[in-house]
Amino acid sequence: MVTVERKVEGGKLVRVTAVFRGDVLESVRITGDFFIHPEDYVVKMESELAGVNIGALEKRISDVCASKAVQCIGFSGRDIYEMLIEAYKGGKGKWA
Amino acid sequence: MGVKWRVLPHSVQNAYLNMALDEAILNSVADGASPPTIRFYGWSPSAVSIGYFQSISDEVDTKYCNAHSIDIVRRQTGGGAVFHQEGGEITYSIIAPQEMFPAGIIDSYREICGGIVRGLGKLGITAEFRPINDITVHGRKISGNAQTRKKGVLLQHGTVLYTLNLPKMFTALKVSVEKLKDKSIKSPEDRVTCITRENPKITAESAYKALLEGFTDGKDWELGAPTPLEEAEANRLSKNKYLSNEWVFWR
């Protein structure tokens, strides 16, 4: 389990705690002082990302965050993706 | 004839009942049983409220809070952890159908926070809205605000600092190193301010009156009280939701 923390410039603090099994994101928890409308969507985001291969994460995050059903305030899907890559590398993943 | 707002005058409750009453009013407004409402309140005992998405272990020194009888409650709104000092702040909530506000989240923060900026202006304190959700005086935060939209109703609550107990605040709350990196001014004293720091002669009563005027400016309003149904729902939510470990330790 690796936690990566980022204070988004002009935005909010986001922490991503990720568990990778090989190249697959087994689970992720997103915490911090950001806003997501509606709030319950954070659970959907986390479950949508679980089980996704590292190579497919960028598109999956983009799809999840592009939904008209959600507004992320204080961070973007790009932040989550970059933090997950950092977590993957921190967990000695092979991403180059 | 326009909408008539209900104003619930300042009252003091514990943290769990405070959050529960906000939710009960939201539900009642959603059902059409209550008018748009502006509520003022305080906290007893002192409490820490954390944002919906925050982890207690990351944000709060729970041992310190337990040792000093400081309640810990999770809000239904996002945003950051707040130390609510007993008698040290004026907290408000605005709860109304969301079509009464701009659709954009930041625009609606700006509009509602305008009530605080106007109120502080009446006290001779020049404040400004600082997106995403803060109000500052000379670059120092004096008010934090958080918003949710549920069942077609917008709920925004926030605090205006009247006095400050910085040592207690910064012991009860854990401040992220990453967050500090982003601040151009680093010492706690330079990051926050309060009404009495800006002008020690301003009484709590006059501060409350000014904020009431700021929020109600241009609105048709009358003083009111929570309905029996809202009070019953608040008591239920306080006990079954806000006090439950399942909710408090959700993350």
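The values are calculated or read from the model by the stated rules, or taken from the named source; none is laboratory data. Fair warning: this is a prediction, and the values are worked out from it, not measured in the lab. Neighbour counts run over all protein chains shown; Cβ positions are idealised from the backbone, glycine included. Just so you know, the surface numbers come from the protein's heavy atoms only, side chains and all, with ligands and any DNA or RNA stripped out. Shrake-Rupley method; radii C 1.70, N 1.55, O 1.52, S 1.80 Å.
The modelled label-to-label distance between B:Ala103 and B:Leu223, using points 7 Å beyond Cα along the C-beta direction, is 4.0 nm.
With equal scatterers on the alpha carbons only and no solvent term, can you work out the Debye log10 of I(q)/I(0) for the range A:34-96 at 0.12, 0.21 1/Å? The computed values of log10 I(q)/I(0) come out as -0.30, -0.85.
Accessible-area rank, largest first, for B:His157, B:His10: B:His10, B:His157, with all protein chains present and a 1.4 angstrom probe. Each of B:Asn235 and A:Asn53 was given a label point 7 Å from its Cα along the Cα-to-Cβ line. The distance between the two points is 5.9 nm.
Report summary: the helix-based calculation at 222 nm, which adds -39500 (n - 2.57) for every DSSP H run with n ≥ 4 and divides by the residues of chain A, gives -10500 deg cm²/dmol.
Cα gyration tensor of the range B:101-251, axes a ≥ b ≥ c as square roots of the eigenvalues: rounded (a/c below 1.5), prolate (a/b > b/c) or oblate? Since a/c reaches 1.5 but b/c is at least a/b, the shape of the range B:101-251 is classed as oblate.
Cross-link candidates for B:Lys209: which aspartates and glutamates have Cα within less than 13 Å, leaving aside residues fewer than 8 places away along the same chain? Straight-distance partners of B:Lys209: B:Asp217. For the residues A:Met1, A:Met45, a 1.4 Å probe over the protein chains yields an accessible-area ranking, largest first, of A:Met1, A:Met45. Pairs with C-alpha atoms separated by more than 22 Å, drawn from the list A:Lys12/A:Lys44; B:Lys141/B:Lys174; A:Lys44/B:Lys141; A:Lys68/B:Lys150, are A:Lys44/B:Lys141.
Think of each Lys and Arg Cβ as +1 and each Asp and Glu Cβ as -1; about the Cα centre, that makes the dipole of the range B:4-241 roughly 400 debye. Inter-chain neighbour count for B:56-62: the average number of beta-carbon atoms from partner chains within 10 Å of each residue's beta-carbon is 2. Association of chains B and A removes close to 2200 square angstrom of accessible area from solvent, both sides included, for a probe radius of 1.4 Å. Dipole size of the protein assembly as shown about its Cα centre, with +1 on Lys/Arg Cβ and -1 on Asp/Glu Cβ: approximately 600 debye, rounded to the nearest 20.
Positive end of the dipole of the protein assembly as shown (Cβ unit charges, origin at the Cα centre): among B:Leu212, B:Leu123, A:Ala87, the Cα lying farthest that way belongs to A:Ala87. Summed over the residues of the protein assembly as shown and divided among them, the accessible surface reaches 44 Å² per residue at a probe radius of 1.4 Å. Ordering B:Ile195, B:Cys113, B:Ile90 by Cα displacement along the dipole of the range B:4-241 toward the positive end leaves B:Ile195 in first place; charges were set at the Cβ atoms of Lys, Arg (+1) and Asp, Glu (-1). The DSSP beta bridges internal to the protein assembly as shown are antiparallel in roughly 80% of cases. Accessible surface of the protein assembly as shown, 1.4 Å probe: 51 percent of it comes from carbon and sulfur atoms.
Other chains' Cβ within 10 Å of A:7-13 residues: what's the mean? For this peptide, the per-residue mean of nearby foreign Cβ atoms is 5. About its Cα centre, the range A:3-96 has a charge dipole of approximately 220 debye under the convention of +1 per Lys or Arg Cβ and -1 per Asp or Glu Cβ, with nothing else charged.
Here's the list of aspartates and glutamates a cross-link from B:Lys241 could span, going by alpha-carbon distance under 19 Å and ignoring same-chain residues fewer than 8 apart: A:Glu39, A:Asp40, B:Asp22, B:Glu23, B:Asp71, B:Glu230, B:Glu231, B:Glu233. Counting every C-alpha pair in the protein assembly as shown, the share spaced more than 27 angstrom apart comes to 47%.
Of all aspartates and glutamates in the structure, those lying under 17 Å Cα to Cα from A:Lys7, and not within fewer than 8 positions of it along the same chain, are A:Asp33, A:Asp79, A:Glu82, A:Glu86, B:Asp58, B:Glu59, B:Asp134, B:Glu178, B:Asp182.
Per residue of peptide A:26-32, the mean number of Cβ atoms on other chains within 10 Å of the residue Cβ is 4.
Residue order by solvent-accessible surface for A:Asp40, A:Asp63 is A:Asp40, A:Asp63, largest first, with ligands and nucleic acids left out and a 1.4 Å probe.
Coupling constants for the range B:223-228 follow from the phi torsions by the Karplus curve (6.51 cos²θ - 1.76 cosθ + 1.60, θ = phi - 60°), and in residue order they are 5, x, 9, x, 6, x Hz; glycine and proline get x.
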